[in-house]
Each structure stands twice: as structure tokens, then as C-alpha cells.
Amino acid sequence: MEADRTDPGEPPTLRVALPAFFAEPGLLAVLAALPGARVVGGAVRDALAGCRVTDVDLATGMRPEEVIRRLREAGLKAVPTGLDHGTVTAVAAHRGFEVTTLRRDVETDGRHAVVDYTDDWRADAARRDFSINAMSMRPDGAVFDYFGGIADVRAGVVRFVGEPATRIAEDYLRILRFFRFQARYGSGPADAAALAAIRAGVSGIARLSAERVWSELKRILTTPDPRGAVTLMQEAGVLAAVLPEGAAPEQLARLVAAGAPADAVLRLAALLDGDAAGLCERLRLATAERDCLLALRAGGVPPDDADDDALRRALADTPGDILDGRAWLDGRGTALRARLAAIPPPVFPLRGRDLRAAGVPPGPGLGALLRQTRGWWMDGGCRADAASCRAELARLRAG
């Protein structure tokens with residue numbers, strides 16, 4: 001492999017056994033096409049932390065046009081997915097790898113940055129958010145750490161690169177990212193300087209788009225245990241800025257302690273203590289997320305001693321996953337959830353076309369008959385078959 005023209009004999013901070021991802025044929029092909037490129041960011045952090053690595057990103061001193069040329073000369077697909085930010089996606093062995101040219105910030109406004117290309121690895125690392133995300137690794141196991149990321153990974157410390165207030169002012173989303181990484185990698189007390197800067201800069205969250213806020217909040221909520229991070233958010237004034245409708249961290253804590261699934265909407269339903277419909281509109285939740293949140297908060301579940309007919313009626317009106325979520329939110333035991341899961345959701349066997357086939361003319365009367373027949377079916381524990389329902393329909397028409 002050629003010498004790295006942007007790495008003039010720079011000594012590594014640490015050498016480690018090669019992580020498993022360096023054995024992937026696709027990554028090896030990309031690295032061979034881009035001499036001097038390094039793995040950066042989350043893959044290095046997770047490898048050092050002993051976590052599973054899912055995405056591998058690369059950085060290089062080559063300009064994007066050179067990256068594209070070299071990849072294509074090597075027979076690899078090069079997709080210009082983010083040329084405004086110097087990013088090209090290399091596709092090899094049916095997998096994509098983002099390759100970004102080293103950059104330095106020229107100007108920032110709290111949401112966007114104007115950048116210029118550089119060949120300075122330290123300058124590129126200096127523009128990253130946290131020390132644990134600012135490391136890079138060569139394919140020989142050499143790790144380059146300019147800001148103490150190795151020690152912070154080992155100590156479970158999430159620390160801003162450089163001056164926390166400066167990093168936050170460059171992009172206020174970093175406030176929420178701090179709590180996401182604190183939830184996933186932090187152990188022990190949170191970094192005091194970071195929290196002080198976050199308290200001072202919390203008003204900047206209002207400058208972020210709703211989509212970015214919800215995206216980060218989802219990631220916080222789906223960490224294995226977000227309780228500590230959410231408590232810190234409350235203490236720093238961030239939770240009130242993100243959920244002005246109202247929040248109850250103690251309800252989320254009970255849900256997590258009970259072992260409920262790490263589902264973002266379920267955990268949001270527990271955390272939110274206010275207007276769910278208003279939150280859905282303000283944070284622009286996807287339709288499926290909105291419907292799920294509203295349904296979770298729209299009602300309860302049958303009592304623990306309910307008979308099977310009552311459970312069948314509940315399942316006929318409400319999807320099983322919503323009832324399961326409501327049971328978690330209500331703090332119910334596993335027995336009720338197990339019973340609900342064991343019952344096939346009943347489906348009313350008649351439709352409007354069945355009534356029309358039986359000679360019922362279209363109109364309001366048809367709908368009323370259908371509702372009456374379904375009510376009879378529900379009263380019987382949702383057990384009657386189609387023939388029995390047609391017989392009840394005939395009785396209703398005759399009466």
C-alpha cells in the first residue's frame with residue numbers, strides 16, 4: 001500500500017489487534033483503492049469499547065473527485081452521495097462505505113458549517129464533537145487520537161473536543177448528541193464542563209429543525225438504558241426544551257426497570273406528560289409513529305382477572321401490539337401480556353358486501369345493521385362464525 005501523503009511519519013497513539021471489520025472483502029478493496037485512508041469515528045470508538053461495529057466510515061486526504069476516479073479505476077462503484085460535504089459512497093462486495101475528504105470549518109451558524117478541504121488529520125479531528133468520535137485507525141491497527149478519546153472510552157467519559165461552548169455553538173444538535181452518547185457510553189458522573197456549556201446553550205435547541213430533534217430523541221430513547229441521560233436532560237433544562245408539553249422521567253424509569261422493549265414510541269408514551277397530538281404535530285412524527293403514540297395513550301387494557309371473552313373483545317377493537325404496549329405502560333404483569341399474545345386476534349366475519357349480497361340496500365341502514373351484528377358478535381366473545389352472524393343479521397332484519 002502506498003504511503004499516506006497526508007500522514008508524514010506521524011506516530012500513532014496506540015496499536016491494537018485488528019478489529020474484525022478489517023477482514024471484510026469490501027473494506028479491503030476500498031482501502032486498496034484509496035491509499036492512506038483511515039477508518040474514522042464510530043467504528044474506531046466501538047472497536048475500542050468492545051461494542052459491535054455496524055457501520056464503517058473512512059476519511060482521506062484525497063479530494064472527492066480523486067476518490068471517485070480511484071474507486072472507478074479499481075472497478076468499484078462510486079456514488080457522489082454528499083459532495084457538498086466531501087462525501088462519496090464506495091460500494092464494494094454489496095456494501096456501502098462513506099468516504100469523506102478531511103475538512104476544517106471555515107464558518108458555522110449553529111446549524112450548518114462552511115468547510116474547506118485539508119490534508120491535516122488533526123484539523124479534521126478538531127471539528128468533531130466528542131473525543132470518543134475524533135479518533136482514526138489505519139488498517140495496520142494504528143490508532144490516532146489527538147484529544148484523549150482512548151482514555152475517555154476506557155473511563156466512560158463523554159467529553160467535547162476543545163471548548164464545549166464552541167462545539168455547541170457550531171451545531172446545537174450536539175446538545176442532544178451528548179446525551180445520546182452519555183446514555184450509551186457514559187459511566188459515572190457526566191463531564192461537568194459539558195453540562196455547564198449545555199445549560200448555557202440550551203436555548204439554541206429552538207434553532208433546530210423538528211426532524212433533527214425527534215431523530216436524536218429517538219436515538220436517546222432506544223439506548224439500552226436511557227434513564228440516567230434523561231435525568232441529566234431534566235436537570236440541565238434540556239428536557240423542557242425538547243418536550244415543552246411536559247415530561248415525567250419517573251414514568252420512563254418504571255417502564256425501563258420493568259424490562260419493556262427498547263421501543264422509541266413506547267418509551268416516549270411513558271415519558272410524555274402532556275398533549276400527545278400537539279407533540280406529534282410539533283416534532284412531525286411519521287404517520288405510523290403518530291398513530292402508535294396516540295393509540296398507546298388512548299385507553300387501557302382489561303383487568304388481570306378478565307376472562308378470555310373480554311380479552312378477545314379487546315383484541316377485536318385494538319391491535320395486539322398496542323394492547324401489549326398499554327399493559328407495559330400500566331405496569332401490568334407478564335401473565336396478562338402472555339394471555340393476550342396467545343389469543344389469535346378475532347376478525348368480525350361480515351363486511352358490507354355480505355350485507356348487500358343478502359339483499360340489504362346501500363345506505364345508512366346497511367351500516368347500522370352491520371354495527372348491530374358486530375355488537376352481537378362482540379357480546380358473545382367474538383366467537384360466532386360467518387354463518388351465525390348471517391343468521392343474526394336475518395333476525396335483526398326480520399325484527
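The values are calculated or read from the model by the stated rules, or taken from the named source; none is laboratory data. Note that the coordinates shown come from a computational prediction; the quantities given were computed from them, not determined experimentally. Note: ideal-geometry Cβ built from the backbone for every residue, glycine included; neighbour counts use all protein chains shown.
Would you mind stating whether LEU271 is touching a residue at least 60 places away in the same chain (Cβ under 8 Å) and within 21 Å of ASP324 (Cα to Cα)?
no
How many residues, within segment 332-347, are of a type outside the set (A, V, I, L, M) and modelled with pLDDT of 90 or more?
Residues in segment 332-347 being of a type outside the set (A, V, I, L, M) and modelled with pLDDT of 90 or more: 5 in total.
Just the residues that are out of contact with any strand residue (DSSP E or B) (no Cβ under 8 Å at 6 or more places or on another chain) and at positive phi, please, taken from segment 17-50.
Hit for segment 17-50 is GLY50, nothing else.
Please give the helices (runs of 4 or more DSSP H) falling wholly within segment 155-256 in which 2 or more residues are outside the structural domain of ARG127 (by TED's automatic domain parsing) and among the β-branched types (Val, Ile, Thr).
Counting at least 2 such residues, we get 164-170, 210-221, 227-235, 238-242.
For residues in segment 343-371 being under 23 Å from ASP307 (Cα atoms) and not β-branched (Val, Ile, Thr), which is surrounded by the most Cβ atoms within 10 Å (Cβ to Cβ)?
Taking the candidates together, the pick is PRO346.
GLU289 versus (1) farther than 30 Å from TRP214 by Cβ; (2) in a helix (DSSP H, G or I); (3) of a type in the set (Asp, Glu): which is the lone unmet condition?
(1)
Got a sec? Which of GLY26, GLY61, GLY42, GLY50 is surrounded by fewer than 20 Cβ atoms within 10 Å (Cβ to Cβ), farther than 30 Å from ALA155 by Cα and among the small types (Gly, Ala, Ser)?
The match here is GLY26.
With the condition kept exactly as written, say whether any residue in segment 348-367 is modelled with pLDDT of 95 or more, within 30 Å of GLY259 (Cβ to Cβ) and either assigned to a helix (DSSP H, G or I) or in contact with a helix residue (DSSP H, G or I) (Cβ under 9 Å, 6 or more places away or on another chain) (or both).
no
Looking at (1) assigned to a helix (DSSP H, G or I); (2) within 24 Å of ARG290 (Cβ to Cβ), can you tell me which one PRO261 breaks?
(1)
Before we move on, is GLU24 in contact (Cβ under 8 Å) with a residue 40 or more places away in the chain and over 26 Å from ARG104 (Cα atoms)?
When the stated conditions are applied, GLU24 passes them.
All but one of (1) outside the structural domain of TRP328 (by TED's automatic domain parsing); (2) of a type in the set (Asp, Glu); (3) outside any helix (DSSP H, G or I) hold for ASP305, so report the exception by its number.
(1)
If ALA155 satisfies every condition in (1) of a type outside the set (Ser, Thr, Tyr); (2) surrounded by 17 or more Cβ atoms within 10 Å (Cβ to Cβ); (3) over 18 Å from VAL53 (Cα atoms) but one, which is the exception?
In the conditions (1) of a type outside the set (Ser, Thr, Tyr); (2) surrounded by 17 or more Cβ atoms within 10 Å (Cβ to Cβ); (3) over 18 Å from VAL53 (Cα atoms), ALA155 misses (2) alone.
Which helices (runs of 4 or more DSSP H) does segment 8-125 wholly contain that include 2 or more residues that are over 25 Å from the mean Cα position of the chain (by Cα) and aliphatic (A, V, I, L, M)?
Result: 25-33, 64-73.
PHE160 versus (1) surrounded by fewer than 20 Cβ atoms within 10 Å (Cβ to Cβ); (2) more than 29 Å from CYS292 (Cα to Cα); (3) free of Cβ contacts under 8 Å to residues at least 40 places away in the same chain: which is the lone unmet condition?
(1) is the only condition that PHE160 fails.
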